[in-house]
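Engineer: Sharing a structure, written as C-alpha cells. Questions coming.
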Amino acid sequence: MNYTLRAVPLLVSFVVAAGCATTAPSEFTASGKRDLSQVMFLRGQFAWWEALPEYQLETVELDLYRAKAELTADGQPYEFKFADMGWSPGTNCGYLIQEEDQTVVAGQKSKANCSSMFENFKFLPQDSGTYHFYFDNRGEIPLVFVEPSKP
C-alpha cells in the first residue's frame, strides 16, 4: 500500500509533463527545417539593429516568413538583415553576392547568406509607408524580398 501511494504522485507528474511537451511550439516545420519564426528578427537601421519583438518574423506559409517596418522615403537606403538575437552563424542572414543581391528592389528576390558578417541588404523605399520584408526559406538558398503593404 505504501508503495502505491508513492507511485501515484510520480505517475501524475509524468502525465502532466507529457501533456506540456505536446503543447510546446515545434522547433521544426513540416519540411524538417528550423521554424525561424521562433528565433529570427528583421534587424536594421529602423530598429537601431536591435532584435525587437515587433520585428520578430511571423509565418506566412510553410518556410516563408515576414516582418513589417514603417519606412520614410527620404532618398536614403535602409540597411537590414534577418538574424537571431545573438547574430549567430546560420541565423545571421545578409546578401549572398554583392553585385547581384545587396540592393533589394521591391518585388524582386535577392539571395541570402545566413553565415554573413557585414553583408547588409539595402532597400530604398519609393514611398513612405509600411513595407513587408520576406524571408523565403523554401529552397536550397534563402531568398529575401520586400513589398509595400497593401492598404
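The values are calculated or read from the model by the stated rules, or taken from the named source; none is laboratory data. Quantities reported herein were computed from a predicted structural model and do not represent experimental measurements. Ideal geometry is used to build each Cβ from the backbone, glycine not excepted, and the neighbour counts take in all protein chains shown.
Engineer: Identify all residues within segment 118-132 that are touching a Ser or Thr at 6+ places or on another chain (Cβ under 8 Å), farther than 16 Å from ALA67 by Cβ and exposed (fewer than 14 other Cβ atoms within 10 Å of the Cβ); write none if there are none.
Structural biologist: Matches in segment 118-132: SER128 only.
Engineer: Moving on. Need pairs with beta-carbon distance below 8 Å; first residue free of Cβ contacts under 8 Å to residues at least 40 places away in the same chain and within segment 59-72, second crowded, with 20+ Cβ neighbours inside 10 Å and in a strand (DSSP E or B); sequence gap 6+ or separate chains.
Structural biologist: THR59/TYR65
Engineer: Name the single residue that is surrounded by the most Cβ atoms within 10 Å (Cβ to Cβ) among those in segment 28-63 being among the polar types (S, T, N, Q) and in a strand (DSSP E or B).
Structural biologist: Ranking the qualifying residues of segment 28-63, first place goes to GLN56.
Engineer: Report those strands (runs of 3 or more DSSP E) wholly inside segment 93-151 carrying at least 1 residues which are among the aliphatic types (A, V, I, L, M).
Structural biologist: Correct list: 110-113, 143-148.
Engineer: From the list SER115, SER110, exactly one residue is within 28 Å of GLY32 (Cβ to Cβ), surrounded by fewer than 21 Cβ atoms within 10 Å (Cβ to Cβ) and touching a residue at least 12 places away in the same chain (Cβ under 8 Å). Which is it?
Structural biologist: So the residue among SER115, SER110 that is within 28 Å of GLY32 (Cβ to Cβ), surrounded by fewer than 21 Cβ atoms within 10 Å (Cβ to Cβ) and touching a residue at least 12 places away in the same chain (Cβ under 8 Å) is SER115.
Engineer: Out of all the residues in segment 77-100, is one or more among the aromatic types (Phe, Trp, Tyr), under 19 Å from ARG34 (Cβ atoms) and touching a Phe, Trp or Tyr at 6+ places or on another chain (Cβ under 9 Å)?
Structural biologist: Yes, segment 77-100 contains at least one residue that is among the aromatic types (Phe, Trp, Tyr), under 19 Å from ARG34 (Cβ atoms) and touching a Phe, Trp or Tyr at 6+ places or on another chain (Cβ under 9 Å).
Engineer: With respect to GLU79, is the statement that it is surrounded by fewer than 13 Cβ atoms within 10 Å (Cβ to Cβ) and either in contact (Cβ under 8 Å) with a residue 12 or more places away in the chain or in a strand (DSSP E or B) (or both) true?
Structural biologist: Judged against the criteria, GLU79 is not a match.
Engineer: Can you spot a residue in segment 5-24 that is modelled with pLDDT of 95 or more, surrounded by 10 or more Cβ atoms within 10 Å (Cβ to Cβ) and among the small types (Gly, Ala, Ser)?
Structural biologist: Checked segment 5-24: no residue is modelled with pLDDT of 95 or more, surrounded by 10 or more Cβ atoms within 10 Å (Cβ to Cβ) and among the small types (Gly, Ala, Ser).
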